[in-house]
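Student: Please read through the structure below; I'll follow up with questions.
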Amino acid sequence: MDLKKLASALIPDDDLIDPDKYEEIYPPRDLPAGAQVTRLAPSPTGFIHLGNLFSALADERMAHTTGGVFYLRIEDTDLKRKVDGAVESVIRSLNYFGIKFDEGAEIESKLNIYGPYYQRQRAKIYRAYAKRLIEEGRAYPCFCTEEELDEVRKEQNAQKLITGYYGKYAKCRSLSEEQIYSNLAAGKPFVIRLRSEGDVNVKHTFHDAIKGDITVTENDQDIVLIKSDGIPTYHFAHAIDDHFMRTTLVIRGEEWLSSLPIHLELFKALGFKTPVYAHTSSLMKTDGGARRKLSKRKDPELSLDYYRSAGYYPDAVVRYLLTILNSNFEEWERKNPRSDWRDFKFKIDKMSRSGTLFDLDKLSDISRTRISQLSAEECYEFLRGWVEEFGTEADKLHFADGEYIIKILNLIMGTSGKKRRKDIERAEQGVRLMDYFFDDAFNPDYSFRFGDGTVNAVLDGFAEIYDPADDNSVWFAKVKSLAPRVGFAADMGEYKANPGAYGGNVSDIAEILRIAVTGSPNSPDLCTIMGILGRERTLGRLRAARR
RNA sequence: GGCCCGUUGGUCAAGCGGUUAAGACAUCACCCUUUCACGGUGGUAUCGUGGGUUCGAUUCCCGCACGGGUCACCA
């Protein structure tokens, strides 16, 4: 069979260049030894999720700790589900978490000589190589319809055989010249398949940068290279793009492990050097006792918008991810408490080989801790950013008065230095925590643990003697002075010595006042709160709480 | 079902032939305290299972069980 003629018949494009030319168009990158070139290659089918961030973080760290390059490529070969604005969304989301690309789709960079970075714009390259493979007899046209393939699959299933297009099931592999040309003449749609030379019974050891030595079976499937619409499949595009974009390290989810044999054969058939592969274990969650991979559809916590809208501190999300990416990160962080996470020496071989259960508690703890380390001003900026995007109209009004908020924040967070409170876990919850400082948002729950008489006596008694000018010790002395009036112990020691003799103690007096003023039995320093509210509002709240 | 990957406390995990089997989150108790936090001290709790190899296995080998992934003209 005249393969050259066949190649031209199958791929008649007259704008293709000699594939070898691409080696010159996309020369090897001029980078220091050991520099890693990594990429994030999402499909623009939806929005970016935590798994993408997880993987992007590993990519970004590997590139930037080695003096390499991290770029963005868009895998838009499946044109069925493209979402507009998805690319911008990916970049924006990643930026929010402090991750930046050096080059790639929609990225301003002088480095962009390896583009285009949208696969659909690279059709010529793929087709040039497909054509060459046909000429070399390593690829052939397949005219099988979906129905025919289904039929074969059913039969294979019935006989408990491996499904797929291989061996004797690869019908079109042995089509005669006449059959091919008559199918072509009849206008039958076709795909281009690889003529696999592998043998499933042959196994090799392959070194994965994360998993270590793994067993891979040779591929014997005549997989599709070019779909009937002329667009390449992921496998084919992956081999060509990662070769010509000079990727050195491919970090991807372990769900790709099973197609590694295909990729290995493809790189070999194309004459390309294979990159280093690193297959990451997936993020899991428990669902009714069972463990499963985090799913885009079922789990809102997989969406990055979830973290943005709930107001987790972005730096904390990254740090949490880093703790599961490299388990020694936490240890390093303890030794370098205020350092930028970018100073941590990330190691790919430190990555976990088993699936990690996503732990929201741990994230919350990290977020709380990070926020507690902020100054009141920094915290204000962070909260205000959240309020502008997600807050209510009332929140926005409240946050316009920065001075007032900062005063509150100084109280809530504790004054600088030691003894920082960790009350704010997320912006959303932190903003709600401040509601009682605003009359229009004050929503008290008057659940007093004492009788109306006692409550009113405390409220009225305190209203009589309250003076905003009092410092903390005078203020507390006044609280104590109320105790005898309601039969409570003014002195804690006395109360503990003889609890039965009293109806309560000073802490109970404080609790009554606290509930009246803040609407809740839990709050930071009450004296300071009253100071911030001022005399009139404090007295007003004492009055409003009367039974 | 075939193939591949994995299995140390509730969770993330250190460990890499001999350890009282780190640490963090969570949890419990106590201390501190005008509440709640913060902080401090201490506690509960882990090597899936059966065989080997070895003087000795959490560590090495094999089987089994369990969990996960994958078997498209989707990525």
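The values are calculated or read from the model by the stated rules, or taken from the named source; none is laboratory data. All figures in this text were calculated on a predicted structure; none of them were measured in a lab. Methodologically, a virtual Cβ is constructed for each residue, glycine included, from the backbone with ideal geometry; neighbour enumeration extends over all protein chains shown.
Student: Condition check: within 13 Å of RNA strand B (Cβ to nearest atom), outside the structural domain of A:Gly402 (by TED's automatic domain parsing), in a helix (DSSP H, G or I) and among the hydroxyl-bearing types (Ser, Thr, Tyr). Does A:Thr528 satisfy that? Even if it seems obvious, please write down each step before you answer.
Tutor: On the way: within 13 Å of RNA strand B (Cβ to nearest atom): yes; outside the structural domain of A:Gly402 (by TED's automatic domain parsing): yes; in a helix (DSSP H, G or I): yes; among the hydroxyl-bearing types (Ser, Thr, Tyr): yes.
So A:Thr528 fits the description; yes.
Student: Let me ask something else about it. Identify the single condition in (1) charged (D, E, K, R); (2) at pLDDT below 95; (3) at negative phi that A:Glu393 does not satisfy, given that it satisfies every other one.
Tutor: (2)
Student: Follow-up. Quick check on A:Ser259: is it within 10 Å of RNA strand B (Cβ to nearest atom) and either acidic (Asp, Glu) or under 23 Å from the mean Cα position of the chain (by Cα) (or both)? Steps first, please.
Tutor: On the way: within 10 Å of RNA strand B (Cβ to nearest atom): yes; either acidic (Asp, Glu) or under 23 Å from the mean Cα position of the chain (by Cα) (or both): no.
Answer is no for this residue.
Student: A follow-up question, please. Identify, from the list A:Ile240, A:Ile262, A:Ile231, the residue that is out of contact with any Asp or Glu (no Cβ under 9 Å at 6 or more places or on another chain) and farther than 27 Å from A:Asp349 by Cβ. Before the answer, list the steps.
Tutor: Details: A:Ile262 fails: farther than 27 Å from A:Asp349 by Cβ; A:Ile231 fails: out of contact with any Asp or Glu (no Cβ under 9 Å at 6 or more places or on another chain).
Testing whether each residue is out of contact with any Asp or Glu (no Cβ under 9 Å at 6 or more places or on another chain) and farther than 27 Å from A:Asp349 by Cβ leaves just A:Ile240.
Student: For region A:39-57, how many residues are assigned to a loop (DSSP other than H, G, I, E, B) and either within 12 Å of RNA strand B (Cβ to nearest atom) or buried (at least 20 other Cβ atoms within 10 Å of the Cβ) (or both)? Explain how you work it out, then say what you get.
Tutor: First, pick out the residues of region A:39-57 that are assigned to a loop (DSSP other than H, G, I, E, B): A:41-48.
From what's left, either within 12 Å of RNA strand B (Cβ to nearest atom) or buried (at least 20 other Cβ atoms within 10 Å of the Cβ) (or both): A:41-46, A:48.
Residues flagged as assigned to a loop (DSSP other than H, G, I, E, B) and either within 12 Å of RNA strand B (Cβ to nearest atom) or buried (at least 20 other Cβ atoms within 10 Å of the Cβ) (or both) within region A:39-57 amount to 7.
Student: A:Glu511 passes all but one of (1) surrounded by 17 or more Cβ atoms within 10 Å (Cβ to Cβ); (2) over 25 Å from A:Arg420 (Cα atoms); (3) of a type in the set (Asp, Glu); which number fails?
Tutor: (2)
Student: Also: Inspect all residues belonging to region A:286-302 and state whether any of them is more than 14 Å from RNA strand B (Cβ to nearest atom), surrounded by 13 or more Cβ atoms within 10 Å (Cβ to Cβ) and assigned to a loop (DSSP other than H, G, I, E, B).
Tutor: no
Student: Which one of A:Glu254, A:Glu218 is under 19 Å from A:Ser352 (Cβ atoms) and either hydroxyl-bearing (Ser, Thr, Tyr) or touching a strand residue (DSSP E or B) at 6+ places or on another chain (Cβ under 9 Å) (or both)?
Tutor: Values: A:Glu218 fails: under 19 Å from A:Ser352 (Cβ atoms).
Matching residue, one of A:Glu254, A:Glu218: A:Glu254.
Student: Return a yes/no flag: does region A:431-453 have any residue that is under 17 Å from A:Gln373 (Cα atoms), within 15 Å of RNA strand B (Cβ to nearest atom) and either more than 35 Å from the chain's Cα centre (by Cα) or in contact (Cβ under 8 Å) with a residue 24 or more places away in the chain (or both).
Tutor: Checked against the condition, which is being under 17 Å from A:Gln373 (Cα atoms), within 15 Å of RNA strand B (Cβ to nearest atom) and either more than 35 Å from the chain's Cα centre (by Cα) or in contact (Cβ under 8 Å) with a residue 24 or more places away in the chain (or both), region A:431-453 yields no hits at all.
Student: Right, something else. Checking A:Gly385 against (1) touching a residue at least 60 places away in the same chain (Cβ under 8 Å); (2) within 16 Å of A:Tyr313 (Cβ to Cβ); (3) away from RNA strand B (no atom under 14 Å from the Cβ), only one condition comes out false. Which one?
Tutor: All conditions are met except number (1).
Student: Moving to a separate point now. What is the number of the single condition among (1) among the acidic types (Asp, Glu); (2) more than 9 Å from RNA strand B (Cβ to nearest atom); (3) farther than 26 Å from A:Ile406 by Cβ; (4) at pLDDT 90 or above that A:Glu511 does not meet?
Tutor: Going through the list (1) among the acidic types (Asp, Glu); (2) more than 9 Å from RNA strand B (Cβ to nearest atom); (3) farther than 26 Å from A:Ile406 by Cβ; (4) at pLDDT 90 or above, A:Glu511 breaks only (2).
Student: The conditions are (1) in contact with a Ser or Thr (Cβ under 6 Å, 6 or more places away or on another chain); (2) away from RNA strand B (no atom under 16 Å from the Cβ); (3) of a type outside the set (Ser, Thr, Tyr); (4) closer than 16 Å to A:Ile424 by Cα, and A:Phe390 fails exactly one of them. Which is it?
Tutor: (4)
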